[in-house]
Amino acid sequence: MTLLPAVNAVSAPKTYQLQTSVIRLIAAPEEHYDKNIVVDGIFIGYSENNLFFDEQHAEYLLRPMSINVLDDSVDEENALSVSACNGEWVELWGTFVKAVDPDISYFKGRLVADKAVLHKNGETCWQRTKP
């Protein structure tokens, strides 16, 4: 008989299933829906949060070459868009979900962010405050 540890679903830590890229998320979003992923890119916040493939796409805000990023911030002060992540090369951890209406949007999916880590020093620059 195999013994499995008892796990409370509410308190179990989230596991990330896949490390991927912005290009893979754009090219094949359906392969990533409802998966907990880690993805690298240049994060640009403000009116909408996007993770861009590279610095040039970010500089010119080429949205079709980015993925949309959502956070759970209830106030602007703690938002990902105004954090130390803005304008930086980051590693985002989160869940990739299908866009509300992917047929009329640049974005076929969105990353619901859990945390962001700066590549330049490995520090967490933003983290979700609620489960």
Exercise for the section: Being among the small types (G, A, S) and either modelled with pLDDT under 95 or assigned to a helix (DSSP H, G or I) (or both) is the filter here, so list the residues in region 29-50 that pass it. Expected result: G45, S47
Practice task
Would you mind finding the one in V117, V82, V112, V100 that is aliphatic (A, V, I, L, M), within 16 Å of the chain's Cα centre (by Cα), surrounded by fewer than 18 Cβ atoms within 10 Å (Cβ to Cβ) and within 24 Å of Q17 (Cβ to Cβ)?
Solution key: V112
Practice task
Could you please let me know if Y16 is of a type in the set (F, W, Y) and free of Cβ contacts under 8 Å to residues at least 24 places away in the same chain?
Solution key: no
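Taking the conditions exactly as written (part of a strand (DSSP E or B) and in contact (Cβ under 8 Å) with a residue 60 or more places away in the chain), does W93 satisfy them or not? Even if it seems obvious, please write down each step before you answer.
On the way: part of a strand (DSSP E or B): yes; in contact (Cβ under 8 Å) with a residue 60 or more places away in the chain: yes.
Yes: the conditions hold for W93.
The values are calculated or read from the model by the stated rules, or taken from the named source; none is laboratory data. Since this is a predicted model, take the numbers as computed values, not measurements. Positions of Cβ are generated from backbone atoms using ideal geometry, with glycine treated the same way; all protein chains shown enter the neighbour counts.
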